[in-house]
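Read the structure below first, then the notes.
The values are calculated or read from the model by the stated rules, or taken from the named source; none is laboratory data. These numbers were taken from a predicted model, which means no experiment stands behind them. When we count neighbours, we look across all protein chains shown, and the Cβ atoms used for this are built from the backbone with ideal geometry, even at glycine.
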Amino acid sequence: MQIDRDVVPDYPLSWQARALTSLMWGTLKPASTVLMRHPLALVCAARLGELGRLVRVPQPEHVVIEPAEFSDCGGEWVHGRPGLDESKAVLYFHGGGYFSCSPRTHRSITWRLSVAARRPVLALDYRQGPVHKLADSLTDALDAYECLLRRGHAPGDVILAGDSAGGHLTLATLLALRDRELPMPGAAICLSPWADLTDIPRHANRWQDPMLPAGRVRWLARRWTSGLDPSDPLVSPVLGDFTGLPPLMIVTGSTEVLRDEARRVAERARQAKVPVRYEEWNRMPHVFPILADVLPEARLAFRHMAYFLRAVAARRASRGDIAA
């Protein structure tokens with residue numbers, strides 16, 4: 001697989017995708033439009049998320065979940081199958097707008113990513129709003145990465161990954177590591193990254209996105225950037241200088257309201273000579289890989305991630321990098 005290229009996967013749209021996007025249009029999008037209009041809605045969503053941690057989420061018998069503790073936040077180790085390379089790891093940041101969800105809600109991604117990467121995944125339960133700030137989430141991410149290094153993982157054997165707000169945290173973590181002159185991970189994967197928190201109107205796919213209302217995304221960005229400089233690359237990574245970052249894979253849907261941010265991340269990275277594989281999947285909803293239990297396209301996306309990571313490993317080996 002060629003790493004540095006743009007790809008529009010040429011698969012026919014499944015009937016499952018057609019049905020699911022129609023369902024989202026009639027349920028999730030109207031609900032988001034109504035609920036995400038007041039800070040109290042964020043508090044209620046965060047409380048519901050806490051209750052959700054008590055619910056047992058079924059997963060295949062071959063998947064092993066183990067609790068992990070890092071600094072002020074917890075997390076879980078996810079082993080997607082037996083026989084993984086325990087000397088390597090994926091550090092995963094879940095999405096949820098920085099106010100909802102948890103490692104538990106994203107297990108359909110993390111166990112499959114573990115299989116694709118052939119290594120265990122550390123899904124980090126980082127601190128979120130409305131109680132905590134963006135800086136707290138970033139501190140937790142950096143702490144977890146450094147903890148992996150202290151436990152003996154070589155930087156090149158660690159992959160960072162995340163979806164939506166977790167994609168934002170992935171990019172911010174990479175920029176912070178580079179600025180602090182800390183060793184870089186081997187690669188990073190961003191699924192539908194939310195990369196621009198400046199106060200901009202989003203016109204692209206405003207009506208086509210079956211899940212996210214553009215106005216509510218803008219409202220949420222204002223909430224999290226209050227008192228901050230939205231143009232700071234650690235707040236809006238799409239504005240950063242990507243020089244020195246590892247190879248990136250960016251996966252998004254063609255009708256997402258955040259699609260253009262993903263495109264701009266790819267462009268920004270290429271300007272800094274960073275290899276980027278940008279995949280734009282036809283008519284897929286926001287963070288569609290989380291729907292792999294029902295969407296065949298989502299399952300195929302993990303196969304593409306596996307190809308990307310193998311290509312990165314081959315590239316490192318050809319360059320003579322350690323632990324390729």
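Considering the stretch 275-290, the residues that are crowded, with 21+ Cβ neighbours inside 10 Å and not in a strand (DSSP E or B) include one that is nearest to the chain's Cα centre (by Cα), namely Val287. If you take the residues in the stretch 87-109 that are among the hydroxyl-bearing types (Ser, Thr, Tyr) and farther than 18 Å from Leu248 by Cα, which one is modelled with the lowest pLDDT? Residue satisfying both the conditions and the ranking: Ser100. Tyr126 falls short on exactly one of the conditions (1) under 22 Å from Arg223 (Cβ atoms); (2) surrounded by fewer than 24 Cβ atoms within 10 Å (Cβ to Cβ); (3) of a type in the set (Phe, Trp, Tyr); (4) touching an Asp or Glu at 6+ places or on another chain (Cβ under 9 Å), and that condition is (2).
Here Gly152 meets each of (1) closer than 20 Å to Leu182 by Cβ; (2) part of a helix (DSSP H, G or I); (3) over 15 Å from the mean Cα position of the chain (by Cα); (4) not aromatic (Phe, Trp, Tyr) with one exception, condition (2).
Only residues that are assigned to a helix (DSSP H, G or I) and buried (at least 24 other Cβ atoms within 10 Å of the Cβ) were counted across the stretch 68-106, and they come to 1. Counting the residues of the stretch 103-132 that are closer than 28 Å to Trp224 by Cα and either of a type in the set (Val, Ile, Thr) or in contact (Cβ under 8 Å) with a residue 12 or more places away in the chain (or both) gives 19. Is it true that some residue in the stretch 295-316 is in a loop (DSSP other than H, G, I, E, B), touching a helix residue (DSSP H, G or I) at 6+ places or on another chain (Cβ under 8 Å) and over 22 Å from His106 (Cβ atoms)? Among the residues of the stretch 295-316, not one is in a loop (DSSP other than H, G, I, E, B), touching a helix residue (DSSP H, G or I) at 6+ places or on another chain (Cβ under 8 Å) and over 22 Å from His106 (Cβ atoms), which makes the answer no. Here Asp209 fits the description: under 18 Å from Ile290 (Cβ atoms), at pLDDT below 95 and either charged (D, E, K, R) or in a helix (DSSP H, G or I) (or both).
For Glu267, the criteria (1) closer than 17 Å to Ile189 by Cα; (2) in contact (Cβ under 8 Å) with a residue 24 or more places away in the chain hold in every case but one, which is (2).
Matching residues to (1) surrounded by 19 or more Cβ atoms within 10 Å (Cβ to Cβ); (2) over 20 Å from Pro246 (Cβ atoms); (3) more than 18 Å from the chain's Cα centre (by Cα):
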position	(1), (2), (3)
Thr139	no, yes, no
Ala144	yes, no, no
Cys147	no, no, yes
Gly162	yes, no, no
Gly167	yes, no, no
Ala195	yes, no, no
Leu228	no, yes, yes
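Conditions (1) under 18 Å from Ser231 (Cα atoms); (2) polar (S, T, N, Q), marked per residue:
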site: Gly152; (1), (2): no, no
site: Gly156; (1), (2): no, no
site: Ala165; (1), (2): yes, no
site: Thr173; (1), (2): yes, yes
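Applying the condition of being in contact with a Pro (Cβ under 6 Å, 6 or more places away or on another chain) and touching a residue at least 40 places away in the same chain (Cβ under 8 Å) to the stretch 172-184 and asking which residue is surrounded by the most Cβ atoms within 10 Å (Cβ to Cβ) yields Ala172. Taking Leu91 as the residue in question, decide whether it is in contact with a Phe, Trp or Tyr (Cβ under 7 Å, 6 or more places away or on another chain), touching a residue at least 12 places away in the same chain (Cβ under 8 Å) and either closer than 14 Å to Ala141 by Cα or not β-branched (Val, Ile, Thr) (or both). Criteria met by Leu91.
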